[in-house]
Structure formats: structure tokens, C-alpha cells
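First the structure, in the form of C-alpha cells, and then the observations on it.
The values are calculated or read from the model by the stated rules, or taken from the named source; none is laboratory data. Keep in mind the model is a prediction, meaning the values are calculated, not measured. Neighbour counts run over all protein chains shown; Cβ positions are idealised from the backbone, glycine included. Protein only, heavy atoms only, side chains kept; ligands, DNA and RNA dropped before computing areas. Shrake-Rupley method; radii C 1.70, N 1.55, O 1.52, S 1.80 Å.
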Amino acid sequence: MGSDTERVEPAYGLHTYQRQVLDDLMCVLRPNPQDIVPTSQRAIVHMPTGAGKTRVACHAACSLLSRAQAEGKVVVWLASTEELCDQAADDLRKAWSVLGNRPIDIYRFWGDSSLDLAELESGFLVAGMPKLWAVSGKDVRLMRNLAEVTAGVIFDEAHQAIARTYRYLTEQLLTYQPPLLGLTATPERTATVSDPDHELAQMFGSNKVTIDSRGHGDPVTYLIKQEFLADPSFSRIEVSSQVRFTEPKDGFDYGPKELYELGEDETWRKAIVDVTVSALGRYSRTMVFCPSVQSVRECAEAIRNRGLRAEVVLGETSDENRRCSIERFKDDSTEPIALFNYNVLTAGFDAPRTKCVVIGRPTTSLVLYSQMMGRAMRGRQSGGNLTCQIYTVIDTNLPGFGSVAEAFSNWEELWRQE
């Protein structure tokens, strides 16, 4: 470039495909007022794990809050876990610092927060659903008053939105019909289309916004070819355990009792440990999903007994220990580390160095499987890897999974493509 030309890089920019999704999304959330037939200001953003749903949603949130009619109001971001809340609050702060048009507050309402929801001014409210449900039961006026100052609602992991308590809270916030945006990598509740899936689609106006795959057949293939997602290699570790239990009915997954029994099976635990040891010989960072709390502890201890590094994160892990374990897993050391967990780090966890995932628990949920697999799928263009390895430990009598692209497009007939 000549001396009279200066390139300016955005501080919170979007890739081309993310800009396309945002443009399509805002056409739904901020429709043309001259439209003869008003459209529902509800939509779900459907993007694979690692493709940048949160960043797109933060741009949308800033756009909604920047409107003149949003002065003195809040955009409410709902999430079910503290990890998702942390991620959202951090990204909203980064986004507004470059996209915002006035000083605002970011309100954090999860965990031990003592925030008074009656004292909110203009800004973003990031709320943990369990916390919001707990306080709403103590004050019946809370949700009604909050609805009066709500300029928009964003529901992270939106496939959870029709759960009874979550739906009640969401619909309360939508009393005055602000825009509703859902985020998900899997816009469904079950592996086969069922009543809950239709209910979910209806809740979001049957409007699904996704990536234009540009002739590649599906968005996952497109993102892999463009190196935004890592190209996954799948390996099945077949085990014939001594545990026998009935496969769940459609719409349900294996329960804690069955998973605990499986985690107590020595053959199953040995398979998890053996494949993790093998993975640590090839990859510096491996995430391991176990079937129970006890199996996490025992598998991690077995790894340590072999002279290898294992970190553990459980629901009962203290905030300080959880932070330290995650920071050690994310750091730049060359020592191979396995991070073991049970039902904690399936969403809201970003560690670009993760190149291998061991899925050591059975599931009939494509939602859950895709989330676990996605922990290793951040591509080179997004600071991750060109390829990744997915090991799935399966009982020869139970179903398994193989293709994230197939999972991504499984429920298309439910949604209108915007």
C-alpha cells in the first residue's frame, strides 16, 4: 500500500461467514418497519461448536442495545452454567468497548452474586438460569419488573429453552415482545424429530439462521475446508462391558444410575485409561469425558500412577481449584496433560490447544456428543489446529456416533432457512 493508505484492523471483527450470519440474523431481529406482514423477531443461530456463535451474538447484542429505544434498558443473556456466563460477560465487554455508543454496565448474576435486579440501568445482564429461577421464586414481581426494561433476550445453548423452568423465565422476559435470539450447535432436543423439537422450533418462530455453505453441501464441511474448524478423525474403541441396561426411549439419554454402573466397570475404565495414555503420547492436550464422578477420579489417578499429568474438574470442584486446573490445561507448556471431567466442560469452555477428545461415556444425544467433540474442533484460522482426533469408547451393544456433519443437518425440516 502507498503512504496515503492505512489498513485498519477491527478490534472485534468477524470472518466473512460470521458477517453473513449476522446480516441474516439482524434482518429477523430488526425487521423493516415498512413490511406489510410483520415478522417474528425470534430466531436461532445454528453454527457448529467453535465457529463463533458467541462473537456473532455479541455483535447482535450490541446492535440491539445501541438503538435509541434501548436507552435505560438491558439486553438479557441467559445461560445455564457459570462457564457460559463467564464467557458471555467477557465477550460482551470486549464487544461493547469497540461497538458501543455510550457508557453502559455489565451485570453479572450467577453463582454467589448479590446483585439487586431492581436497580439495573442501561447495559447487559448476564444471568445464570439456576440463579434467576431461585430468586424469581422468592419475589413474584421480579420477572415482571425485569421484563419492563428488557430490550432483547439471548439464550445460550438454546436447545435447553423449552425445559419447564427455563421456558417460564424466558417467556416472562418476553412479555413486551422484545427480540429473542437463541444460540446452538444443535437446534433440537432429540436424535429423531419429536414433539419437543417442534416445540423448540415454534418458540423461536421457526427461524433458523446458519452459514451459507457456498456449494460445499453443509456448513461443517465448508468450515473444515476453510480451516475454521479442525478436520476430525474418528476412532471407535469397542468395549464389551459387564453392564447391561436398556437403551433409553426416544428423547431421553442414559441416566446417572446407568452411567455410574458403567463407570464402575473395570473393563470400561481400563479402556478410557489406555486410550488416554496413548493420546498423551501423541497430543499435548487431551480432554476426557467420563461416565461418573467416581470414574473421573479413578481414571485420573490411574493416569498419574503411570507418571503422566492429569487434571480433574467436577461440579463439586471449588472455583479456585477449577480455575487453576483449567489454566494449567490452557498454558503453553509442552508437558502432555489430560483434563478429566463429568458433565461440566461440554459447553462454555475454550482451549484452542486441545487436539484430542476421549468420549468415555455413552449418549444418545447428538447435542451432547457434538458439544463434547467440539472441544477439539477449533480450526487453525481460529487459533486452533488443522486436524483433531476424536476417540469414542463404545459398548458393542450400544449405539455410537460418527459424523458431526450428519448431526449438524439432521433436523432441517423443522426450520425455515433465513
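Values as computed for the structure displayed
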| read-out | value |
| --- | --- |
| In the range 99-118, residue most open to solvent (accessible area, probe 1.4 Å) [restricted to those that are within 24 Å of the chain's Cα centre (by Cα) and of a type in the set (A, V, I, L, M)] | LEU99 |
| Pick from the range 204-246, criterion open to solvent by 10 Å² or more (accessible area, probe 1.4 Å), of a type in the set (S, T, N, Q) and more than 24 Å from the chain's Cα centre (by Cα), ranking: nearest to GLN41 (Cα to Cα) | THR246 |
| The range 219-270, residues that are closer than 19 Å to MET373 by Cβ, hydroxyl-bearing (Ser, Thr, Tyr) and assigned to a loop (DSSP other than H, G, I, E, B) | TYR254 |
| Failed item in (1) among the hydroxyl-bearing types (Ser, Thr, Tyr); (2) modelled with pLDDT of 90 or more; (3) touching a strand residue (DSSP E or B) at 6+ places or on another chain (Cβ under 7 Å), with TYR166 passing the rest | (3) |
| Matching entry among GLY205, GLY215 (being under 28 Å from ILE162 (Cβ atoms) and at pLDDT below 90) | GLY205 |
| Any hit, the range 279-294, residues being open to solvent by less than 20 Å² (accessible area, probe 1.4 Å), touching a Phe, Trp or Tyr at 6+ places or on another chain (Cβ under 8 Å) and hydroxyl-bearing (Ser, Thr, Tyr) | yes |
| Long-range neighbours under 6 Å by Cβ, at least six apart or interchain, first residue farther than 13 Å from LYS73 by Cα within the range 102-129, second aliphatic (A, V, I, L, M) and assigned to a strand (DSSP E or B) | ARG108/VAL126; PHE109/ALA127; ALA127/LEU78; MET129/LEU78 |
| Pairs, first among the acidic types (Asp, Glu) in the range 46-60, second modelled with pLDDT of 95 or more, C-beta under 6 Å, six or more apart | none |
| Of residues in the range 305-319 being small (Gly, Ala, Ser) and either modelled with pLDDT under 90 or surrounded by 22 or more Cβ atoms within 10 Å (Cβ to Cβ) (or both), the one nearest to the chain's Cα centre (by Cα) | GLY315 |
| Those residues of the range 65-98 which are open to solvent by 40 Å² or more (accessible area, probe 1.4 Å) and among the hydrophobic types (A, V, I, L, M, F, W, C), in sequence order | ALA68, VAL98 |
| Matching residues, the range 320-343, being of a type in the set (A, V, I, L, M, F, W, C) and surrounded by fewer than 22 Cβ atoms within 10 Å (Cβ to Cβ) | CYS324, ILE326 |
